[in-house]
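Student: Take this structure first; my questions come after.
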Amino acid sequence: MIKIDEMKEYAKENHVPIMQDGGIEFLCKTILENKCQSILECGTAIGYSSIKMANLDSTITIDTCEIKSNLVIEARKNIANAGLSNRIHVHECDAAIFQSDKKYDLIFVDAAKAQYKKYMDHFLGNLNQNGMFVFDNLSFHGMVENPDLATNRNTKQLVKKIKKFVEYICNDPNLETHFYPNLGDGVAIVKLK
Ligand SMILES: C[S@@+](CC[C@H](N)C(=O)[O-])C[C@H]1O[C@@H](n2cnc3c(N)ncnc32)[C@H](O)[C@@H]1O
């Protein structure tokens, strides 16, 4: 049986980024409040957030995409140890090209931060009528609010892209967005109007 604290420890020791406590608590609360049953996740890492979500209710099923083979192996091992292989399906692929004809109640986006708009456009047709997107890391360690914290050119570019995405989801009249910059690393819920 996998212990969630051991996964957190493993992630820390191996520098695998996983959701912060505030963010995952909020995500789980959102899933329960909205009775979400079908979930798509972009960015599995070692399966931490997938396992947390699947453990909320035995009716929840998850498709999750991870691009790195070593993490796919680790995630599948953890998911099997948690007895959840029948409900969490790890797809080894770039989330931006993952094809599914399923409709999801919740699409949780936690993969490449510069690609959030791309993932959103790609999965628009996979959202159930009352479905929602959840995006993590929209504050990017406080750098989106305070770009001076970004020290190198690549990070500065990334922070600019995240800021542009936040402006898009907060201002597009076709979207209903709730943005929580101080929750975890900055989380937003986006629904289509
Ligand atoms: C922040 S981690 C995910 C953490 C995980 N959701 C959790 O909280 O346990 C982001 C993951 O996305 C993966 N990733 C990056 N780009 C990706 C892509 N284009 N498609 C799928 N996965 C990607 C990374 O390899 C990394 O493991």
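The values are calculated or read from the model by the stated rules, or taken from the named source; none is laboratory data. Computed from a predicted structure; not experimentally measured. Backbone-built Cβ (ideal geometry, glycine too); neighbour counts: all protein chains shown. Heads up: the accessible areas ignore ligands, DNA and RNA and are worked out on the full protein's heavy atoms, side chains in. Shrake-Rupley method; radii C 1.70, N 1.55, O 1.52, S 1.80 Å.
Student: Of all residues in segment 34-52, count the ones that are of a type in the set (A, V, I, L, M) and part of a loop (DSSP other than H, G, I, E, B).
Tutor: The total comes to 2.
Student: Looking at segment 17-33, can you tell me whether even one residue there is modelled with pLDDT of 95 or more, outside any helix (DSSP H, G or I) and open to solvent by 70 Å² or more (accessible area, probe 1.4 Å)?
Tutor: Checked against the condition, which is being modelled with pLDDT of 95 or more, outside any helix (DSSP H, G or I) and open to solvent by 70 Å² or more (accessible area, probe 1.4 Å), segment 17-33 yields at least one hit.
Student: Taking the condition of being outside any helix (DSSP H, G or I), surrounded by 13 or more Cβ atoms within 10 Å (Cβ to Cβ) and without any contact (Cβ under 8 Å) to a residue 40 or more places away in the chain, how many residues in segment 116-135 meet it?
Tutor: So the answer is 0.
Student: Turning to a different aspect of this structure: Among the residues of segment 64-99 satisfying the criterion of being in contact (Cβ under 8 Å) with a residue 60 or more places away in the chain and part of a loop (DSSP other than H, G, I, E, B), which is farthest from the ligand (Cβ to nearest atom)?
Tutor: Applying the filter and picking the extreme gives Gly83.
Student: Just the residues that are of a type outside the set (Asp, Glu), more than 15 Å from Leu127 (Cβ to Cβ) and not in a strand (DSSP E or B), please, taken from segment 176-193.
Tutor: Scanning segment 176-193 gives Pro181, Asn182, Leu183, Gly184, Gly186.
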